[in-house]
Amino acid sequence: MIPRLGTNHLSLLIALKETGSVAAAGIRLGITQSAASHRLREAERRLNTPLVRRSSTGVTLTEEGERLYAFADRFLRELGRLEQDIETARSTGRDLVRFGQATYSRFHWLPDFLAFLERRDPTLSCDLSVGATARPLGCLQEGSVDVSTVFGKPTASRRFKWHWLGSDPVVAVMAPDHRLAGEAWVDSSILAEERLFTYPFSSDPGFEWETLVGPPSTPYRSVTTLPTPEAAIDLLRAGYGVALFSRWATRPELADGTLIAKPLGPEGLSLDWWAVTRADDPPDAPSNRMVAAWLDWSDYAHRGFDTLSFDAATGVMRKPEG
């Protein structure tokens, strides 16, 4: 079946949704108001369905228009990325892999990996996706990234393939002169009176704080929620409170001594980290070639996971149970 609408109609719906005006939508698309109105009427005629509601203040999308908008937004973004991939491969002779990392926008490990990737598979190039920080699996499913690093437990979805990278401690991070600096470990009973900075692990279902680390045995009395984990770093350095991090994410600060880390409980708590790809990607797809290089890098003179803080000193270089 040949679709009745083209990309020009879908682009108009996006512009109408975002501007609320036929005239403004036309300006955004570089066409006249008359041409935008004609294109809208043509789309409604082809579908025999009204797509907008008109009022004295502008236009809003009908239910059918909203459904088309949701599809158009995903489709045109993916089309743009595909065009970029093809152009990159043609101009550079390399396959582009779009990469996302859950929760943390900390990439101190990336230069070392890219140098290794250049030697390991010079036909690959890597591009970062900021949107995947909050939605690593959602972006992978939508196609806006090809590989996402995620922590926790694999989901039951058959859409993804999970490649285990390592297990890293979740630690309480604070300034070196913090009153708890002398403690061997901390838990919720010790942290109950502290200001605790929290942040969203991920907006994907199943990756909420309590799902991953469990509810506190003692309620925290002073909790400040920040939009990103990186927002806490400067506050922690200045001695304002405590925050929980995967240890590797604060490795630069731990290395230079501006922050210290304490295990959670006498036995500690660790989370498994995974490189996740789409299950239907063939073995020789750029995404799987990048993951293969990543796993090789982790074994290369023990430098890979050491750079990420997945090192033998943590005692957590083990395969996950089950």
At most 14 other Cβ within 10 Å, DSSP loop - trypsin sites (Lys or Arg not before Pro), region 72-163: Arg158, Arg159
By accessible area of protein heavy atoms, probe 1.4 Å, what ranking do Ile31, Ile233, Ile86 get, highest first? Ile86, Ile31, Ile233
Could you give the spread of the C-alpha atoms of region 1-112 along their three principal axes, from largest to smallest, in whole angstroms? 57, 32, 27
Starting from the Cα of Trp164, step 7 Å along the direction of its Cβ; do the same at Ala231; then give the gap between the two resulting points in nm. 3.5 nm
Between Ser34 and Thr57, what FRET efficiency comes out of the Förster formula 1/(1 + (r/R0)^6) with R0 = 25 Å and r the beta carbon distance, rounded to 0.05? 0.80
What span do the alpha-carbon atoms of the chain cover on each of the three principal axes, reported in whole Å from largest to smallest? 72, 48, 35
Ignoring everything but the protein chains, give the 1.4 Å probe accessible area of Met174 in square angstrom, nearest 10. 0 Å²
For region 1-39 and region 99-132, what is the centre-to-centre distance using only Cα atoms, to the nearest Å? 37 Å
PRE reach from Asp177 (point 7 Å along Cα→Cβ): which of region 245-286 fall under 16 Å by backbone N? 257-260
Classified through the alpha carbon gyration tensor (a ≥ b ≥ c as square roots of its eigenvalues; rounded if a/c is under 1.5, else prolate when a/b is larger than b/c, else oblate), region 57-183 comes out oblate
Positive end of the charge dipole of the chain (Lys, Arg +1 and Asp, Glu -1 on Cβ, about the Cα centre): tell me which of Ala172, Ala243, Val291 has its Cα farthest that way. Val291
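With a cut-off of at most 15 other beta carbons within 10 Å, and DSSP calling the residue loop, which chymotrypsin sites (Phe, Trp or Tyr not before Pro) in region 97-171 qualify? Please list them.
Of the chymotrypsin sites (Phe, Trp or Tyr not before Pro), the ones in loops of region 97-171 whose Cβ has at most 15 other Cβ atoms within 10 Å are Phe107.
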Taking a 1.4 Å probe, which of Thr103, Thr92 shows the most accessible area, and what order do the others take after it? Thr92, Thr103
Please report the accessible area of Leu12 (heavy atoms, 1.4 Å probe, ligands and nucleic acids excluded) in Å², nearest 10. 10 Å²
Report in % the part of the accessible area of region 1-42 that belongs to carbon and sulfur, leaving out ligands and nucleic acids; probe 1.4 Å. 55 percent
Give the relative contact order (percent, whole number) for the chain; include only Cα pairs under 8 Å separated by 6+ residues. 19 percent
Which distance in nm do the two modelled labels at Leu269 and Arg45 give, with both placed 7 Å along the Cα-to-Cβ direction? 6.2 nm
Just to confirm, what accessible area per residue do you get for the chain at 1.4 Å probe, in whole Å²? 51 Å²
Can you send over the carbon and sulfur percentage of the accessible area for region 44-154, probe radius 1.4 Å, protein chains only? 53 percent
Would region 69-137 count as rounded, prolate or oblate if I go by the C-alpha gyration tensor, calling it rounded below 1.5 in a/c and otherwise prolate when a/b exceeds b/c, oblate otherwise? oblate
In the chain, lysine pairs 8 or more places apart or on different chains with C-alpha atoms under 24 Å apart total 5
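The values are calculated or read from the model by the stated rules, or taken from the named source; none is laboratory data. Worth saying up front: this structure is predicted, and the values here are computed from it rather than measured. Heads up, the Cβs are rebuilt from the backbone with ideal geometry, glycines too, and the neighbour counts pull from every protein chain shown. Each accessible area value is taken on the protein alone, full model and side chains, heavy atoms only, with ligands, DNA and RNA left out. Shrake-Rupley method; radii C 1.70, N 1.55, O 1.52, S 1.80 Å.
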